[in-house]
Amino acid sequence: MTMYVDALVLLEHKIENKSDYPTKSRRDVIIMSNIRDKVVIITGVSSGIGEATAKELALKGAKVMMAARRENRLKEIQEEIQNNGGLAIYKVTDVSSHEQMEELANYALKEYGKIDVMINNAGVMPLSPVHEKKVNEWDMMIDVNIKGVLYGIAAVLPFMKERQEGHIINVSSVAGHLVFPSSSVYSGTKFAVRAITEGLRQEEAANNIRTTIICPGSVATELTDHISGSELKASIKERSEIAIDPENIARAISFAIEQPSDVAINELVIRPTLQEL
Ligand code: NDP
């Protein structure tokens with residue numbers, strides 16, 4: 001309730017100073033107020049969906065804490081956000097390290113004073129049929145896609161429970177609903193993300209912690225670059241021609257965050273219109 005009152009005060013102010021807000025409708029202003037000043041940690045920000053989400057949320061006034069391994073990309077994205085008037089800091093982080101994920105959360109707390117939203121987005125998809133026994137790739141998918149999400153949850157949950165408020169968003173996939181040949185392990189990790197998130201929802205609902213599962217379909221990012229089988233890579237890339245831009249997933253994530261705090265968007269599936277499965 002307070003949030004809406006604040007938003008309306010803000011709106012009155014903006015109407016008096018019309019030049020500040022030439023294109024925003026009343027509804028836009030109210031919605032923006034629920035992202036403004038939220039502290040949001042996002043993993044996998046150095047490309048694709050994470051990058052688009054960091055930019056979208058910073059534009060809407062969030063205080064963004066960005067994580068990934070490629071520091072040069074993080075720096076460039078931080079500069080772009082800052083040049084557009086947004087607020088973003090970063091920490092080089094490997095999500096498969098429990099210690100580094102704890103350090104990431106502590107750094108966000110130290111710099112921003114609280115954590116409102118954790119977006120566990122980092123992921124890898126080196127698809128292959130099981131019989132090829134690409135054990136290193138299985139291990140990497142399990143480490144990044146499952147353990148990375150768990151470590152992200154573990155790093156922020158105590159602080160959210162203490163405040164009796166928070167939002168954990170985990171990026172799964174349409175492949176977390178469906179399996180196809182060569183996606184056995186990847187789908188296994190994305191089914192796991194959905195199971196973990198739904199369990200967390202039930203465990204923490206009474207603590208006022210919201211959870212959201214994001215399930216993208218085909219999105220134009222670097223994700224397919226790491227498929228090691230050249231034929232499979234070519235055929236997946238061909239199927240990716242209908243892929244939508246990552247900004248569309250960023251807007252879905254933003255939609256989940258901007259809801260009033262008593263509303264939880266628990267799962268969103270976002271496909272290209274032309275994608276059948
Ligand atoms: P990208 O390959 O563009 O981005 C993946 C991100 O994850 C990069 O920023 C990468 O950063 C980061 N990452 C990978 N490994 C690690 C690690 N060990 N530690 C920290 N960060 C890591 O792909 P997307 O943007 O598409 O992927 C984002 C999420 O969306 C993934 O979980 C993916 O499974 C999911 N998804 C994507 C779909 C698509 O079609 N693109 C469809 C469905 C789901 P760096 O290498 O710098 O560490």
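What to note about this one:
- Checking each residue in segment 109-130 for being within 16 Å of the ligand (Cβ to nearest atom) and more than 10 Å from the chain's Cα centre (by Cα) picks out Gly123, Val124, Met125, Pro126, Leu127, Ser128.
- None of Lys60, Lys91 is among the basic types (Lys, Arg), more than 11 Å from the ligand (Cβ to nearest atom) and in the same structural domain as Arg163 (by TED's automatic domain parsing) except Lys60.
- Remark: Ser97 falls outside the filter, which requires a residue to be of a type in the set (Ser, Thr, Tyr) and either touching a Pro at 6+ places or on another chain (Cβ under 7 Å) or at positive phi (or both).
- Whenever a residue of segment 243-262 is without any contact (Cβ under 8 Å) to a residue 60 or more places away in the chain, its partners that are of a type in the set (Val, Ile, Thr), lying with C-beta atoms within less than 6 angstrom and at least six residues away or across chains, give the pairs Ala243/Val219; Ile244/Val219; Ala252/Ile270.
- Odd one out for Ala67 among (1) more than 9 Å from the ligand (Cβ to nearest atom); (2) within 16 Å of Asn120 (Cβ to Cβ); (3) not polar (S, T, N, Q): (1)
- Each residue in segment 196-255 was checked for being charged (D, E, K, R) and either within 11 Å of the ligand (Cβ to nearest atom) or closer than 21 Å to Val179 by Cβ (or both), and 9 pass.
- Matching residues, segment 236-277, being at pLDDT 95 or above, over 21 Å from Ala52 (Cα atoms) and small (Gly, Ala, Ser): Ala264
The values are calculated or read from the model by the stated rules, or taken from the named source; none is laboratory data. Model, not experiment: these values are computed from the prediction. Cβ coordinates were reconstructed from backbone atoms using ideal geometry, including for glycine residues, and neighbour counts include every protein chain displayed.
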